[in-house]
Amino acid sequence: MHTFLQTCCKYELDVPDVLYHYCTVDTMLKIIQNSCIWLSDANKMNDKEELRYFAYQMNELVSKLLDKHQKEFDSNLINETRKILKKHISSIVSESAYIVRNSRHYICCFSENGDLLSQWRAYGNDGKGVAIGFNARLLAKFSDLFNYDFIKVIYETEKNLQIKEYMEENLVTVLSSATKENNNIIEPEELAAIEVPILNERFAFKHPGFMEENEWRLYRIQNGNFDEDEDFLSRGAFSKQKIDCFLCSDLKFRCTDRDLLSYFEMEFKECKEDIIKKIVIGPKCDINAMDLKILLKKYKYIDDVDSTSIEIKKSDIPYI
């Protein structure tokens, strides 16, 4: 995945020591008891529009680039290229494209900031929950694997300059080739260098308005292979998978009152002594620090209730 990001975003994975997962007290208890986090279906997230943001931006960008170069190339070639790109990007946004319909992205989200009011409101039960600080160096074991990745979300608008250069270079290359070698006929597959990043990397981008979150994402890509395939390079969804000290479950399901939701459990029993570095108690949360210590002792995250290996602190935000 990182090829596109490294090429046009100068993307480097500078992993911090700790990343925070905001959750309810109930979810925290389940994470501690079961020694696992969940990778949930991104298509069932609260705000699906954020997953379409990059595709919207790139649709607008390629349209402007075609306008910019319309005098250099045959008008029919420009129009046909515009038509193909618009159709394919729209199919990604609407999830009507076959590869989108038959694929799933499973995500667990983290923040660099362990005491952020917007995160408490959105994900920490309006401040009544906690923020679990995970060892980010261990999570980075998933970086740039075949069907897993660990990324820092990109918000900065200045990155658009490199993206524009990448898109324009590939677009001009395709148009020039069609003009010289193909009698002004464009083949859809020739636009792959433009379309594939829009499909695969859209989960790495988010609107700049969310920049304060400093979000990171651990996710699994399941490209239509919902079977028992045991081949590592095409791992099925119904098989367990061992990655370093983590064990990914087979596909699991839960339900709401109106929907069926799929997810993977990412178990960390083998590294539980190192995986949690800090717990921030939300500004409205009534948990006592000693109760947390006893809980962590019971499930063998610490050896003694006087241990300082996992820092426990109360939020500094005066939020009532």
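Values computed for the structure shown
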quantity	calculated
Projected label distance in nm at ASP17 and LYS68, using a 7 Å step from Cα toward the beta-carbon	4.3
From phi via Karplus (6.51, -1.76, 1.60), per-residue ³J(HN,Hα) for the range 238-248 in Hz, x at Gly/Pro	9, 10, 7, 9, 9, 10, 6, 8, 10, 10, 8
Column: log10 I(q)/I(0), Debye, Cα scatterers of the range 1-134, q = 0.11, 0.13 Å⁻¹	-0.62, -0.79
Label point distance in nm, ASN223-TYR56, each placed 7 Å from Cα along Cα→Cβ	2.7
Backbone HN-Hα couplings from phi across the range 270-278 [Karplus 6.51/-1.76/1.60, Hz, Gly and Pro as x]	5, 10, 4, 6, 10, 6, 9, 10, 7
Debye-sum result for the range 66-213 in log10 I(q)/I(0), which assumes one identical scatterer on each alpha carbon, at q = 0.13, 0.16 Å⁻¹	-0.79, -1.02
Karplus (6.51, -1.76, 1.60) ³J(HN,Hα), θ = phi - 60°, over the range 296-304, in Hz, Gly and Pro reported as x	5, 5, 4, 9, 6, 8, 9, 8, 8
Solvent-accessible area, 1.4 Å probe, carbon plus sulfur percent, for the chain	48
Per residue accessible area of the chain, 1.4 Å probe, in Å²	50
Between 0 and 90°, nearest 10: helix 75-93 axis offset from the chain longest Cα axis	20
The range 170-320: mean projected area of Cα convex hull, nm²	16.2
Listed residue (LEU145, GLY114, LEU171) projecting farthest to the positive dipole end of the range 112-178, Cβ model	GLY114
Overall form of the chain per C-alpha gyration tensor (a/c, 1.5; a/b vs b/c)	prolate
Cross-link pairs LYS128/LYS242; LYS128/LYS313; LYS128/LYS298; LYS86/LYS206 - those with Cα-Cα distance over 26 Å	LYS128/LYS242
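The values are calculated or read from the model by the stated rules, or taken from the named source; none is laboratory data. Model, not experiment: these values are computed from the prediction. Neighbour counts are summed over all protein chains in view; Cβ atoms, including those assigned to glycine, are modelled from backbone coordinates with ideal geometry. Ligands, DNA and RNA are excluded from the accessible area calculation, which covers all protein heavy atoms including side chains. Shrake-Rupley method; radii C 1.70, N 1.55, O 1.52, S 1.80 Å.
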